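Notes follow once the structure below has been shown.
The values are calculated or read from the model by the stated rules, or taken from the named source; none is laboratory data. Nothing here was measured: the structure is a model prediction, and the numbers come from that model. No Cβ is skipped: glycine too gets one built from the backbone with ideal geometry, and neighbour counts run over all protein chains shown. To get the accessible areas, we keep the full protein, side chains included, count just its heavy atoms, and leave off ligands, DNA and RNA. Shrake-Rupley method; radii C 1.70, N 1.55, O 1.52, S 1.80 Å.
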Amino acid sequence: MSTLRGGSGNTLTIAGRAYRSRLMVGTGKYKSFEETALALEESGAELITVALRRISLNRGKGESLLDFIDPKRYALLPNTAGCYTVEDAVLTAQLAREALGTKLVKLEVIGDPQTLFPDVRGTLRAAEILIKDGFDVLPYTSDDPIICKELEAIGCPAVMPLAAPIGSGLGIRNPYNLQIILETIRVPVIVDAGVGTASDVAVAMELGCDGVLLNTAIAGATDPILMARAMRHAVEAGRAAYEAGRIPRKLYANASSPIEGVVRSGA
């Protein structure tokens, strides 16, 4: 059951820390830092990703994304976006820990520049190195139940299988693999990459996923602020529907007003 992994309701626990929101959002691709801040506010997210290679850590020398993020309100999840080797990913994570003071990292080891699919073998190796170095590793990975199980076994406090290629907006392409992952591991399952709109997020949550991480679906929307609000509601509604328990699917109709026991006229 998903409630064994990530808690109940809107509370999600990862690596011993509880978050009131099950939505995690990225901070890239927005038109301005001001728009980023407004979208974060509307999303209700508490855990937000930052790409170390794309932000300025040198305060006082021009505006930085970090100037628009309240550290008392948001927990930072640095990621190793843009890393194609184990060595680059490990070094980037270590730099992020020194710069941002967190041992939490979203691990990305990219295997192909066109699809941005993960290098799963490289991800496993990098995760092992970082976990031994004291990191709490949240790995971006394929929707392969075997790989997710291996990542859990080496000590990852959550796994982050993709729904579809990064930034594609295709939604969940393989719900059956996600169902197998949900049935076979006990750490939180966070859908990462590929969702395009609120209905995609609701589907992920209704399947029993413990959370969703997204960026492009909000930042690339015509109205990012409104889309951020929609995503927040979708996560909450999808999780509530999962916990409520949907009715079984049936081929034929099932009257909502049964006639059994009704006295018919003329009887």
Among Leu47, Leu52, Leu38, which is under 22 Å from Ile166 (Cβ atoms), at pLDDT 90 or above and aliphatic (A, V, I, L, M)?
Leu47
Report yes if some residue within segment 233-240 is outside any strand (DSSP E or B), within 19 Å of Asn177 (Cβ to Cβ) and out of contact with any strand residue (DSSP E or B) (no Cβ under 8 Å at 6 or more places or on another chain); otherwise report no.
yes
What is the residue count in segment 137-190 for residues that are open to solvent by 20 Å² or more (accessible area, probe 1.4 Å), under 16 Å from the mean Cα position of the chain (by Cα), among the hydroxyl-bearing types (Ser, Thr, Tyr) and under 27 Å from Gly16 (Cβ atoms)?
1
I need a count of the residues in segment 77-94 that are at pLDDT below 95 and open to solvent by 40 Å² or more (accessible area, probe 1.4 Å).
0
Please indicate, with yes or no, whether at least one residue in segment 192-208 is closer than 16 Å to Ser142 by Cβ and out of contact with any strand residue (DSSP E or B) (no Cβ under 9 Å at 6 or more places or on another chain).
no
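Here is a list: Ala202, Ala193, Ala217, Ala198. Which entry is under 29 Å from Phe33 (Cα atoms), open to solvent by less than 40 Å² (accessible area, probe 1.4 Å), under 14 Å from the mean Cα position of the chain (by Cα) and at pLDDT below 95? Spell out how you get there, then give the answer.
Values: Ala202 fails: at pLDDT below 95; Ala217 fails: at pLDDT below 95; Ala198 fails: at pLDDT below 95.
Result of the check over Ala202, Ala193, Ala217, Ala198: Ala193.
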